[in-house]
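Structure first, commentary second.
The values are calculated or read from the model by the stated rules, or taken from the named source; none is laboratory data. Every value quoted in this text rests on a predicted model; they were computed, and no experiment measured them. Using ideal geometry, Cβ is built from the backbone for each residue, glycine included, and neighbour counts are taken over all protein chains shown. Just so you know, the surface numbers come from the protein's heavy atoms only, side chains and all, with ligands and any DNA or RNA stripped out. Shrake-Rupley method; radii C 1.70, N 1.55, O 1.52, S 1.80 Å.
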Amino acid sequence: MSVVEEAAASGDARGEGGASDERTRLAPAGWYRHPADLARLIVAAAVTAIIALVVEIYPEGVLRMSTDLVRLVSNLPTWLTAGIVGFLQLAAVVTPVVVVAVLVVRRKWAILGLLALAGVLGAVLVLIGHAFVEDTAPVAVQANQKLDSWFTGRSFPSGTYLAIIAAVATAAGPFLRRSWRRMAYVGVGAAALLRLLTATEVPINLATGLAVGCLAGSLTLVLFGAPPQRIDTDLVRSVLERCGLDARSITPISRDRGSPTVLAELTDGAAYVRVLGREERDTDLLLRWWRALRVKGLGDHRPAGSARRVAENAALAESLAGTAGARVPTVLGVADTDVEGAMLLVDEYVDGVPLSAMAGDEIGDDLLADVWHQVEALRSRRIAHRWLDAKHVRVRDGAAVIVDFRSAVTTARNELLAADVVELLASTSALVGVPRAVAPARDVLGPAALAEALPLVQPVVLRPRSREQMKPKGEVKALRDAVQEAAGVEKLELAQIQRITIKGVVSLVGSAVLAYYLISLLSDWQDIWETMKSADWSSLPWMLVLMVGSYVGGSISLMGAVNVDLAFGRTLEVMFGQSFLNRFTPANAGGMALRARYLQLAGTDLTVAAAAVGLTSAASGVVQGVLLVVFAFWGGATGAFGDISLPAASTILLVLVAVAAVVGLALLSRWGRRVVVPWARRTWDKAFGSFRELAKRPTKMVELFGGALFAKLSTIIAFYVSIHAFGVEMSFARAGALYMVANTIGSAVPTPGGVGGIEAALTAALLAAGVEDATAASIVLFFRLWTFWFPTIPGWFYLQRIQRQGIV
């Protein structure tokens, strides 16, 4: 059986093969979603959101900019502006008629329907946007729009019309040649520019129309797709003949939409031909953008602006690898096709099987060593493959051949070379196990190369296939430990390459919240100051001391929740940091996660750390309940809260039923018995064991509950001081009773820190106690400002500090 017959047989077995001597399309029939359309949709949505945000936040600034621009172009001669508007209206009427006529004559009903749908979607999105965004056109523009022109008023073509033609031009892109596509885009841009120059539309409306139009057109293509490029075996044969390669037969191997491949039987051997088109470029760019967003420090500079650059880069990398002694396919040619943007990359056909298709017991140690010798040759010329997994290593006659250099980087940096090592280690570990995968890499590359790759042994570096293979077995850590041992590295510090992390997102959102809060304070500073002038500012130092006291109490309680000894200073910094997180996470979720992370890094098991955080919350709840009863009877306030509404009994019952349903599902379902119940049992055992150990140390119990009590009393005293700062006479017991009941009710509101609920409950409690409305509002504002909001500022700085120092 010939090489071509073998390839045809394997292709048919996968449902991908085809006849070798008849005209066969290499791309599957039908429309499909192109990667570029998804990327364009994301970009257009982001631009539209930014424009809407600018209009919402700075409406006056947008109006001023529009007015200044109208003043700038208002000096154009009247006859010129009238001619421009008239010509633009003529083009706006004639162009759609011509497009529809051409499509109808050529019976392109599907394309016509797609373009019509894109136009309607663009108009709908613009109308929806107008319903939420006020018109920002200055008076001069509105006056110009009422003037007459050749066909109708100068308001035509409006921003809505521009959005429609932008949507149609975007949706028509896959059906047009590059020259016509560029002409369509230039035409839409020119129409917008002419509307701007004639002072008949404002920049923000034009920008919104173009962005929404692109969004609508891209969304239409993502929903309904577009046809692939028309490439068949006859085209491949003719291109190969132009390269001086006589193909006896051509057999499709893969009809992949992005880069279909064929096997060509030549007079002196066989060639592996890959078709690289617009899809290859679009997919590659989309993946690179996504990787750049997720990972930092592993970017590359390989050219990917067109299929030609991808093909030429692959040919160059293969040639350099061959001269370095690596076993790679021989490049036979790189050629243009008659299809726009499509290239052929012709390589020597490498028969054999992929390493990924072999069983672990079929892969000998000699073969693994040979694979790493090829990697060593690539590294000698500083060539990073970038897809170096077992799938891209073929085994021919017991020898390894590295294939597919489309993503290769020449003159690569050390980080990219190390990433190749990590990728191949992970991929081969999934086949032969971690010890057998690491040993030949150490023997061939040496400990120094493994030490360089060690910081990158983490899931984010791996490609999706390798990451999925390693994840179920939990082998990433095992691989890292084995590499560390083989490299002889005592202390490991992972590279900080993940750009999008939970910590980063929390810091970004938190910083935005802090900035917004500070801006809101500055914008309302005059009203706030008028309210605060009636306060006794001599009580401010006491308020600050009591505020710090509440965090000191929280730190002591956290130190008492674990058996390990925690440094008080660091724990206090963590408590301030978690107070910042709690300002924008409901139910104190951010602060609880931060404390659990701190305890974990301090040497506590993750489950025990989570249990300890829960224990501090439980201790705080116990203290809350005790103080609530004590102050309610001590202060004589048991009947003073009739105006404060509790949740309805039906709501409480509904919550209880929902909780019971979830618990029942976990106990009765097979998944719950297999996963949830064992996890809950392990968690309970660890948590109860930790609490049992704490009970043996009375000092820890004193710290746990004493710290919670100290924190609560500090806050109650601060509330008492706030009341007297505004001249209201009230006993400490009465103030404590008011605060405990109001805080208990207000904390049930599912907002960060109970914002809104606690303020309302405290104000209602003061009103119920006979305090005047204005005075009650001032007391609550003063109290919450210094005990709740002011700690946000030092909390932000402490959060940044403990992150930099690696405390969390």
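Below, the figures for the structure above:
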item: Amide H contacts of Val295 (H built 1.01 Å from N, under 5 Å, at least 5 apart or other chain); result: Arg499
item: Length gained when the stretch Ala116-Arg681 is fully extended (0.36 nm per residue, less Cα-Cα span); result: 197.4 nm
item: Long-range HN-HN contacts of Ala399 with modeled amide H, under 5 Å; result: none
item: Length released on extending from Arg177 to Val43, taking residue separation times 0.36 nm less the Cα-Cα span; result: 46.0 nm
item: Length gained when the stretch Ala399-Ser238 is fully extended (0.36 nm per residue, less Cα-Cα span); result: 54.6 nm
item: FRET efficiency estimate (nearest 0.05) - Cβ-Cβ, Arg467 to Arg107, R0 51 angstrom; result: 0.60
item: Distant-in-sequence amide H partners of Leu266 (H built 1.01 Å from N, under 5 Å); result: Arg248, Ala271
item: Ranking by accessible area, most exposed first, for Asp389, Asp361, Asp536 with a 1.4 Å probe; result: Asp361, Asp536, Asp389
item: Per-residue HN-Hα couplings for segment 392-401 [Karplus 6.51, -1.76, 1.60; θ = phi - 60°; Hz; x = Gly/Pro]; result: 9, 10, 9, 10, 10, 6, x, 10, 8, 10
item: FRET efficiency, Val702 to Leu601 (Cβ-Cβ, R0 30 Å, nearest 0.05); result: 0.75
item: Solvent-accessible surface ranking, highest first, for Phe790, Phe719 at 1.4 angstrom; result: Phe790, Phe719
item: Integer Hz, Karplus 6.51/-1.76/1.60 couplings in order for segment 231-241, x for Gly and Pro; result: 10, 10, 5, 5, 4, 4, 4, 5, 5, 5, 5
item: FRET efficiency for Asn414 and Phe87, using Cβ-Cβ distance with R0 set to 45 Å, rounded to 0.05; result: 0.15
item: Karplus (6.51, -1.76, 1.60) ³J(HN,Hα), θ = phi - 60°, over segment 243-248, in Hz, Gly and Pro reported as x; result: 8, x, 10, 8, 9, 5
item: Leu193 paired with His724, simple spin-label distance in nm, labels 7 Å along Cα-to-beta-carbon; result: 7.4 nm
item: For Asp37, solvent-accessible area (1.4 Å; no DNA, RNA or ligand), Å²; result: 10 Å²
item: Spin-label model distance (nm) - Leu494 vs Asn563, 7 Å beyond Cα toward Cβ; result: 2.7 nm
item: Cα→Cβ-extended label distance, 7 Å offset, between Glu772 and Glu362, nm; result: 9.0 nm
item: With all protein chains modelled, accessible area of Tyr739 [1.4 Å, Å²]; result: 20 Å²
item: Cut-off 13 Å between beta-carbons: net charge of the residues surrounding Val331, Lys and Arg +1, Asp and Glu -1; result: -3
